[in-house]
Amino acid sequence: MLTLHHLNDSRSQRILWLLEELGLPHEIKRYQRNAETRLAPPELKAIHPLGKSPVITDGDTTIAESGAIVDYIIRHYGKGAMMPAPGSADYEAYNEWLHYSEGSAMLPLMLNLYVGRLKEAGAPLHPRIDSELANHLGYVDGALKGREFFVGASLTGADIQMSFVGEMAKVFDKLGPYPNLAAWLERMHARPAFQRSVAKGGPYRFA
């Protein structure tokens, strides 16, 4: 059975959401962050050398990286659901969003998090970070104009993968200028499968 190694308050929540959307039988192994450092426990290193979550194990296969996990689960267990047909124009857009989430959009959000901890020492960096946040969040908001989902007419792995971007923007109180992104995130969080994923995964402060 496919096993999700789930760390509280982490990117692994979206993998749990995907599993719920697909109704896929799975096992959850839970790991808790250190209350003081917020770091993952060392036990995760026994699953993958990076010691981070999400990680899935499926028989002899171990996969880290959210985008790779989303792609693997949908290709192997989706039965044609939650992704456009390979070779179609929608598939190329779908694949781009899978990579864009962590490859581009999350960088300014994570810089905002870490530089914010520097307080006054980080002040010179904030104008550039804010500019990049506006650039990326504006791009995402524009892509969602008049759309219910990122690609096509139904939920895909692109929505799953992009959810953490929206959640982090919300945590940083950056969604105000981006109504399309804010409305999309609200719709995603209202989905029954997402609600079930939180009930199973434990409290999720990004929801």
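The values are calculated or read from the model by the stated rules, or taken from the named source; none is laboratory data. Remember, it's a predicted structure, so these values are computed and weren't measured experimentally. Neighbour counts are summed over all protein chains in view; Cβ atoms, including those assigned to glycine, are modelled from backbone coordinates with ideal geometry. Only protein heavy atoms, including side chains, enter the accessible area calculation; ligands, DNA and RNA are left aside. Shrake-Rupley method; radii C 1.70, N 1.55, O 1.52, S 1.80 Å.
Things worth noting here:
- Filter pass, Gly122 being surrounded by 14 or more Cβ atoms within 10 Å (Cβ to Cβ), touching a Gly at 6+ places or on another chain (Cβ under 8 Å) and more than 21 Å from Asp71 (Cβ to Cβ): yes
- Check on Asp71, open to solvent by 30 Å² or more (accessible area, probe 1.4 Å) and farther than 23 Å from Gly103 by Cβ: no
- When the strands (runs of 3 or more DSSP E) confined to the range 1-78 are screened for residues that are hydroxyl-bearing (Ser, Thr, Tyr), those reaching at least 2 such residues are found at 61-64.
- Members of the range 127-139 found to be more than 30 Å from Gly152 (Cα to Cα) and open to solvent by 50 Å² or more (accessible area, probe 1.4 Å), listed by number: Pro127, Arg128, Asp130
- Members of the range 91-119 found to be within 19 Å of Phe206 (Cβ to Cβ), open to solvent by 50 Å² or more (accessible area, probe 1.4 Å) and of a type outside the set (Ser, Thr, Tyr), listed by number: Glu102, Leu107, Leu111, Arg117
- Checking each residue in the range 1-12 for being open to solvent by less than 10 Å² (accessible area, probe 1.4 Å), under 12 Å from Ile69 (Cα atoms) and touching a Phe, Trp or Tyr at 6+ places or on another chain (Cβ under 7 Å) picks out only His5.
- Hey, Arg75 under 14 Å from the mean Cα position of the chain (by Cα) and at pLDDT 95 or above or not: no
- Given (1) farther than 22 Å from Gly67 by Cα; (2) open to solvent by less than 10 Å² (accessible area, probe 1.4 Å), index of the condition Ile160 fails: (1)
For every residue, the table says whether it meets (1) in contact with a Gly (Cβ under 9 Å, 6 or more places away or on another chain); (2) of a type in the set (A, V, I, L, M, F, W, C); (3) modelled with pLDDT of 95 or more.
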residue: Thr3; (1), (2), (3): no, no, yes
residue: Ser12; (1), (2), (3): yes, no, yes
residue: Glu36; (1), (2), (3): no, no, no
residue: Thr57; (1), (2), (3): no, no, yes
residue: Leu98; (1), (2), (3): yes, yes, yes
residue: Leu107; (1), (2), (3): no, yes, yes
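- The range 37-51 residues that are under 12 Å from Leu7 (Cβ atoms), paired with ones that are surrounded by 10 or more Cβ atoms within 10 Å (Cβ to Cβ) and of a type in the set (D, E, K, R) (beta carbon under 7 Å, 6 or more apart): Leu39/Arg33; Ala40/Arg33; Ala40/Lys52; Leu44/Lys52; Gly51/Lys45
- The condition (being modelled with pLDDT of 95 or more, in a loop (DSSP other than H, G, I, E, B) and out of contact with any strand residue (DSSP E or B) (no Cβ under 9 Å at 6 or more places or on another chain)) is satisfied by just one residue among Arg205, Arg187, Arg147, Arg196: Arg147.
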